[in-house]
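These notes are about the structure you will find just below.
The values are calculated or read from the model by the stated rules, or taken from the named source; none is laboratory data. No experiment lies behind these values; they were computed from the predicted model shown. For neighbour counting, all protein chains shown are included, and Cβ atoms are generated from backbone atoms with ideal geometry for every residue, glycine included.
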Amino acid sequence: MPSVVHELLISLLREAPGALEALLSRSLGLQSGALVERSASFTDLAPAIYTVDFAAESPTLRVLIEVQLRVDEGKRRSWPFYAASAHAFDGKRTCLVVLATRRSVAAWARRPISTFQDGAFAPRVIGPDEVPRFEDPEQARASPELAVLSALMRRGRETSDAQAQAALGAALELGQRDEDRGKLLLDALLDALGNVGLRAWEATMRSEGYQYKSEIVRGYIAMGREEGREEGREEGREEGRAALRGTLRALAETLGVGWSEARAATVAELHTDGLQRLIEAVARDRRWPD
């Protein structure tokens, strides 16, 4: 079941083919040329349908992107089929690239698949260490999708204040083009980056005099002011639930699903697992579950 971060990473690639080209070149040394999105579904003779997360191609290269947040052994059975089916379509050079948000997942994804051609098939993998870092705000604004993707990939791990501030500035740049999308990206970044993101956001507001409209963002900032205090176990869990409730409301408002006092009351009773399932259902179905 896709998560919000999973869907946002795909959205960033879809909205900016140039960012994907830069990522492939800088992280894997793949020179693709201009990429254009294509159908991500392929069929076999059965015909079952197999769909990758994102597919794009240029005249010389087809790239299949799989976003992987965790280890899933089932994917190691389907990845060779994705690549073989796409290649069989017209014989074009085809690369399957895994975008892994954790080092452990990246290491797992790099292992050759032993049951396919005696282990000759191994995906190309972009993990947190291969994604370019952005510390210069101007460079981040020049490649905003890639800067936001870089921060979401790391999710606060080994992220400096400068990198967090550059990512938030990039999200603001994207918000100038699409306010709702910018709000969703900002809320996702603040959720992913934790206290380093909150410090960077407050620094951004002080330096630029910017007041963001999102009620959720202001809630995150207020929550961040407590970071100097030692949190107990239950308080830490409640902070996580509050962040999930904020993400859910921002997602519902952005997708036009709607928010009400009744829904807020229902959400307030949910624990972490229930909140995560509800976020995934709204992101997937673009409606409130019955």
- If you take the residues in segment 117-148 that are surrounded by fewer than 19 Cβ atoms within 10 Å (Cβ to Cβ) and in contact with a strand residue (DSSP E or B) (Cβ under 8 Å, 6 or more places away or on another chain), which one is farthest from residue 28 (Cα to Cα)? 119
- Query: So, in segment 77-95, of the ones that are charged (D, E, K, R) and modelled with pLDDT under 90, which residue ends up nearest to residue 107 (Cα to Cα)?
  - Reply: 77
- When segment 152-163 is checked residue by residue, the ones that are crowded, with 20+ Cβ neighbours inside 10 Å and either within 13 Å of residue 19 (Cβ to Cβ) or at pLDDT below 90 (or both) are 152, 153, 154, 159
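Among 259, 288, which is in a loop (DSSP other than H, G, I, E, B), touching an Asp or Glu at 6+ places or on another chain (Cβ under 7 Å) and modelled with pLDDT of 60 or more?
Values: 288 fails: touching an Asp or Glu at 6+ places or on another chain (Cβ under 7 Å).
Testing whether each residue is in a loop (DSSP other than H, G, I, E, B), touching an Asp or Glu at 6+ places or on another chain (Cβ under 7 Å) and modelled with pLDDT of 60 or more leaves just 259.
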- Query: Is it the case that residue 93 is crowded, with 17+ Cβ neighbours inside 10 Å, more than 27 Å from residue 151 (Cβ to Cβ), of a type in the set (Lys, Arg) and touching a Ser or Thr at 6+ places or on another chain (Cβ under 9 Å)?
  - Reply: no
- In segment 32-65, which residue that is part of a strand (DSSP E or B) and more than 23 Å from the chain's Cα centre (by Cα) is modelled with the lowest pLDDT? 49
- Residue within segment 16-27 that is part of a helix (DSSP H, G or I), at pLDDT below 85, closer than 25 Å to residue 143 by Cα and in the same structural domain as residue 106 (by TED's automatic domain parsing) present: yes
- Query: If you take the residues in segment 259-290 that are of a type in the set (Gly, Ala, Ser) and closer than 21 Å to residue 11 by Cβ, which one is nearest to the chain's Cα centre (by Cα)?
  - Reply: 283
